[in-house]
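The values are calculated or read from the model by the stated rules, or taken from the named source; none is laboratory data. None of the values given here were measured: they were computed from a predicted structure. A quick note on method: Cβ atoms are made from the backbone with ideal geometry, for glycine too, and the neighbour counts reach across all protein chains shown.
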């Protein structure tokens with residue numbers, strides 16, 4: 001069954017840039033009322049002005065790691081707009097480093113955003129979804145939630161935890177009119193890599209320029225319309241996952257040669273010849 005977008009109220013976290021901003025613009029063009037949520041008020045205001053009928057959308061400055069602030073945002077949305085039909089859980093942060101050197105504090109910081117932010121939103125929104133006997137969660141995960149890449153193990157672990165929570169929530173919500181969709185994008189052309197937590201000494205033979213955020217936004221709209229369970233914005237990302245499942249040792253060998261890490265020697269950083277490409 002195709003669900004209508006026009007007239008719905010959709011809350012988006014991480015809406016100040018990248019996937020969140022692109023999704024807000026696209027959903028607004030279909031007639032949805034958007035609640036733009038992020039920490040950066042100026043950027044949110046700019047996104048709002050770039051949307052169709054900007055005056056109808058709500059801007060909420062909120063840190064998703066703050067449970068009380070998230071709950072207050074949901075209360076404010078209900079009081080102002082009367083309801084919430086769906087939430088797009090997009091706020092996220094990366095964390096880098098070899099697992100053997102991974103800083104636990106950095107990992108917890110990433111967990112607080114990627115997993116804690118989702119839980120705070122579910123805690124705040126689910127009572128409303130239950131009372132209105134309907135609602136949809138669209139959760140932005142990653143291809144690494146299924147198969148980690150070298151030096152992104154911490155980030156992959158947060159996304160794997162996020163997906164297990166989504167699986168349980170989906171089952172627990174059966175019969176309540178509440179649905180859960182998971183989006184698994186690969187590399188996206190955004191500021192994500194520039195804002196990762198931890199040292200950034202990852203070296204790749206090749207780096208994909210990434211898909212445009214608008215590609216992911218279209219997948220989110222598809223998930224909202226058709227209640228899709230799992231969505232890969234690009235077929236190539238699904239194909240790579242299947243190949244990794246079928247040929248794990250081959251996949252490991254290719255990744256080990258393709259993605260490496262600079263080593264520090266005294267005050268200088270050096271890299272293996274394989275990295276100098």
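Collect the residues in the stretch 23-42 that are closer than 15 Å to residue 6 by Cβ and exposed (fewer than 15 other Cβ atoms within 10 Å of the Cβ), keeping them in residue-number order.
29, 31
Look at residue 17 and say whether it is surrounded by fewer than 18 Cβ atoms within 10 Å (Cβ to Cβ) and under 28 Å from residue 229 (Cβ atoms). Lay out the reasoning, then the answer.
Details: surrounded by fewer than 18 Cβ atoms within 10 Å (Cβ to Cβ): no; under 28 Å from residue 229 (Cβ atoms): yes.
Taking the combined requirement at face value, the residue does not satisfy it.
All but one of (1) within 22 Å of residue 28 (Cα to Cα); (2) at pLDDT 85 or above; (3) assigned to a loop (DSSP other than H, G, I, E, B) hold for residue 190; state the number of the condition that does not hold.
(2)
So for the stretch 209-228 (the condition being at positive phi, assigned to a loop (DSSP other than H, G, I, E, B), surrounded by fewer than 12 Cβ atoms within 10 Å (Cβ to Cβ) and modelled with pLDDT under 85), does at least one residue qualify?
no
Identify the single condition in (1) under 15 Å from residue 183 (Cβ atoms); (2) under 19 Å from the mean Cα position of the chain (by Cα) that residue 209 does not satisfy, given that it satisfies every other one.
Condition not satisfied by residue 209: (1).
For the condition under 12 Å from the mean Cα position of the chain (by Cα) and either touching a residue at least 60 places away in the same chain (Cβ under 8 Å) or buried (at least 18 other Cβ atoms within 10 Å of the Cβ) (or both), what is the one hit in 107, 155?
On inspection, the qualifying residue turns out to be 155.
Looking at 87, 64, which one is part of a strand (DSSP E or B) and within 15 Å of the chain's Cα centre (by Cα)?
The unique qualifying residue is 87.
Report, by residue number, each residue of the stretch 95-129 that is outside any helix (DSSP H, G or I), on the phi < 0 side of the Ramachandran plot and out of contact with any strand residue (DSSP E or B) (no Cβ under 7 Å at 6 or more places or on another chain).
Passing the criteria: 102, 103.
Identify, please: which residue in the stretch 130-152 is part of a helix (DSSP H, G or I) and over 15 Å from the mean Cα position of the chain (by Cα) and is, among those, farthest from residue 241 (Cα to Cα)?
Top of the filtered list is 131.
Please determine, by comparing only the residues of the stretch 159-187 that are farther than 22 Å from residue 224 by Cβ and at pLDDT 90 or above, which one is surrounded by the fewest Cβ atoms within 10 Å (Cβ to Cβ). Walk me through how you get there before you give the answer.
Initially, the stretch 159-187 is screened for residues farther than 22 Å from residue 224 by Cβ, giving 160-161, 164, 187.
Within this subset, residues satisfying the condition of being at pLDDT 90 or above are 160-161, 164.
On the way: 160: 18, 161: 15, 164: 12.
Result: 164.
Going through the stretch 18-50 one residue at a time, which ones are modelled with pLDDT of 95 or more, assigned to a loop (DSSP other than H, G, I, E, B) and out of contact with any strand residue (DSSP E or B) (no Cβ under 7 Å at 6 or more places or on another chain)?
Answer for the stretch 18-50, where residues must be modelled with pLDDT of 95 or more, assigned to a loop (DSSP other than H, G, I, E, B) and out of contact with any strand residue (DSSP E or B) (no Cβ under 7 Å at 6 or more places or on another chain): 30, 31, 50.
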